[in-house]
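Trainee: Got a structure for you, written out below as structure tokens; questions coming shortly.
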Amino acid sequence: MEKNNFSTTLIILLVFLLSITITVSAFQVKLNDRGRDVMEIQKYLKTLGYNVAPDGIFGRSTENAVKDFQRSQNLSVDGIAGDNTRQLLEKMISEKVSYELYVVDNGDTLSGIARSKNSSVEEIMEFNNLSSVRIKPGQDLKIPRDKIIKSDSNNSSANSAASKAEKAQVYYTVRRGDTLSSIAASRNLPVEEIMNANNLNSDFIKAGQELVLPIIDSKAVKKNNSSAKSKEANSSSKQIVHQVQRGDALSSIARMYGTNVDSIRQANNLNGDRIFAGDKLIITDYQRGPFSLGRGSLIWPVNGRITSNFGWRNHPIKKTRLFHNGLDIAVPSGTPVKAAAAGEVVHSGWMNGFGYTVIVDHGRGVETLYAHNSKVSVAKGSMVNKGQQVALSGNTGLSTGPHLHFGVLQNEKPLNPKNYLP
């Protein structure tokens, strides 16, 4: 009997000790938790650009930020910040780097820039989120410089990590013809801030001089939210305030307004591509307002007789009943085909069945398609205006005669073009 009591007591003691060990060693904060640990996670997230207020309260916004971070790092997406999530956050904070801002000049290549800056093409592409080695004059490139000293893992804290992140600097080498005011204007910075950051007593600068630009990673989101509100109140005809919608990306917003991602980043002091639903972005250097699909929002790409409407039909070649996802408009070969609305060319070339085809992205998931052409007139990646020629009609692909197949798609779903034409 005494032996059984001893065994039971021993088991209970072991379970108790194990529970204490797990409680002490495992870090975990989740929805509705409060305190210093929560604030630590929030400060890490904020420093990395997530829209989180470090108030020590684990609310829905913190949970969503944790999920976004976990998803981006291929962790288990549960919204709970455990040891793995915290350790990865600490690692990313400790590995922030300073960078030099380099403006691409005529004749520059990515490999040449990499050699001159003692860097590698791969490192520059990764640091700038580039998908190809193509660069253009006037484009800003961030060239990684000295890494921040990594924090001691035994003494790391949210405050020390955040302060180290703020030590990251942006450097700019003055070029011939630069002035302090032109540099400030192109970076959306007051001249006084640049002068203070470099202890300048006048606005005199010379070619080859290195300037520190007061752009700090940890301030990106705060500036994005606070300055956007003040700019919105003082916005002129040259500015548009865009409220980010779920599913928006900087690239799709740029296409929507006929501008480029770099201009949006500079106008909003963004150091990366991360944006959040509800954020307000200042859009400058835009060519048009946001595209809205509605009656009369498109123009006819060609003038001709409609030989096949949108909907079910007996296919003239396959001799079976199939769904026709556009309008067939009969026109002679060589007829100029016009863009039905402004946008970016996302396809220009041969497409099985459609022959020579052009697809234009107008933003918000809306695309127009122009098929069976004899020749394309625009290149992929180019911006086109409403009414601009994009192709010459023809009879290529699966076609029974010269005509244009005109399609409208929203989020890849075909729509009846007649609903959006005059």
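Trainee: Do any strands (runs of 3 or more DSSP E) lying entirely in the stretch 251-350 carry at least 2 residues that are hydrophobic (A, V, I, L, M, F, W, C), and which ones are they? I'd like the intermediate steps shown before the answer.
Mentor: On the way: elements: 280-284, 305-308, 311-314, 321-324, 327-330, 336-338.
Result: 280-284, 321-324, 327-330.
Trainee: Which number in (1) within 31 Å of the chain's Cα centre (by Cα); (2) buried (at least 19 other Cβ atoms within 10 Å of the Cβ) marks the one condition that SER393 misses?
Mentor: (1)
Trainee: Among the residues that make up the stretch 127-135, is at least one of them modelled with pLDDT of 80 or more, over 27 Å from VAL66 (Cα atoms), out of contact with any helix residue (DSSP H, G or I) (no Cβ under 7 Å at 6 or more places or on another chain) and of a type outside the set (Ser, Thr, Tyr)?
Mentor: The initial filter retains those residues of the stretch 127-135 that are modelled with pLDDT of 80 or more, namely 132-135.
In the following step, the residues that additionally are over 27 Å from VAL66 (Cα atoms) were identified as 132-135.
Now narrow it down to the ones that are out of contact with any helix residue (DSSP H, G or I) (no Cβ under 7 Å at 6 or more places or on another chain): 132, 134.
Adding the requirement that they be of a type outside the set (Ser, Thr, Tyr) leaves 134.
Yes - at least one qualifying residue is present in the stretch 127-135.
Trainee: Restricting to the stretch 71-91, and then to whatever is among the acidic types (Asp, Glu) and surrounded by 13 or more Cβ atoms within 10 Å (Cβ to Cβ), can you tell me which residue is modelled with the lowest pLDDT? Break it down into steps so the answer makes sense when it comes.
Mentor: Of the residues in the stretch 71-91, the ones among the acidic types (Asp, Glu) are 78, 83, 90.
Pick out the ones that are also surrounded by 13 or more Cβ atoms within 10 Å (Cβ to Cβ) and you get 78, 90.
On the way: ASP78: 90, GLU90: 76.
Going through the qualifying residues, I end up with GLU90.
Trainee: To continue, here is another question. Given (1) loosely packed, with under 14 Cβ neighbours inside 10 Å; (2) at pLDDT below 90; (3) assigned to a strand (DSSP E or B); (4) not acidic (Asp, Glu), identify the lone condition not met by LYS375.
Mentor: It is condition (2) that LYS375 fails.
Trainee: Another question about this same structure. Would you mind stating whether ARG295 is charged (D, E, K, R), without any contact (Cβ under 8 Å) to a residue 60 or more places away in the chain and farther than 30 Å from VAL103 by Cα?
Mentor: Details: charged (D, E, K, R): yes; without any contact (Cβ under 8 Å) to a residue 60 or more places away in the chain: no; farther than 30 Å from VAL103 by Cα: yes.
It is false that ARG295 is charged (D, E, K, R), without any contact (Cβ under 8 Å) to a residue 60 or more places away in the chain and farther than 30 Å from VAL103 by Cα.
Trainee: To continue, here is another question. Yes or no: GLY304 closer than 19 Å to ASN411 by Cβ and in contact with a His (Cβ under 9 Å, 6 or more places away or on another chain)?
Mentor: Details: closer than 19 Å to ASN411 by Cβ: no; in contact with a His (Cβ under 9 Å, 6 or more places away or on another chain): yes.
Against the criterion (closer than 19 Å to ASN411 by Cβ and in contact with a His (Cβ under 9 Å, 6 or more places away or on another chain)), GLY304 does not qualify.
Trainee: Of all residues in the stretch 396-422, count the ones that are part of a loop (DSSP other than H, G, I, E, B), buried (at least 16 other Cβ atoms within 10 Å of the Cβ) and of a type outside the set (S, T, N, Q).
Mentor: Narrowing the stretch 396-422 to residues part of a loop (DSSP other than H, G, I, E, B): 396-402, 411-412, 416, 421-422.
Of the ones still in play, those that are also buried (at least 16 other Cβ atoms within 10 Å of the Cβ) are 396-397, 399, 402, 421.
Those still in the list that are of a type outside the set (S, T, N, Q) too: 397, 402, 421.
Of the residues in that region, 3 qualify.
Trainee: Follow-up. Which residues, counting only those in the stretch 42-70, are closer than 15 Å to LEU88 by Cα and at pLDDT 90 or above?
Mentor: VAL66, LYS67
The values are calculated or read from the model by the stated rules, or taken from the named source; none is laboratory data. Because the structure is predicted, anything quoted here is derived from the model rather than measured. So basically every Cβ, Gly included, is an ideal-geometry build from the backbone, and we count neighbours across all protein chains shown.
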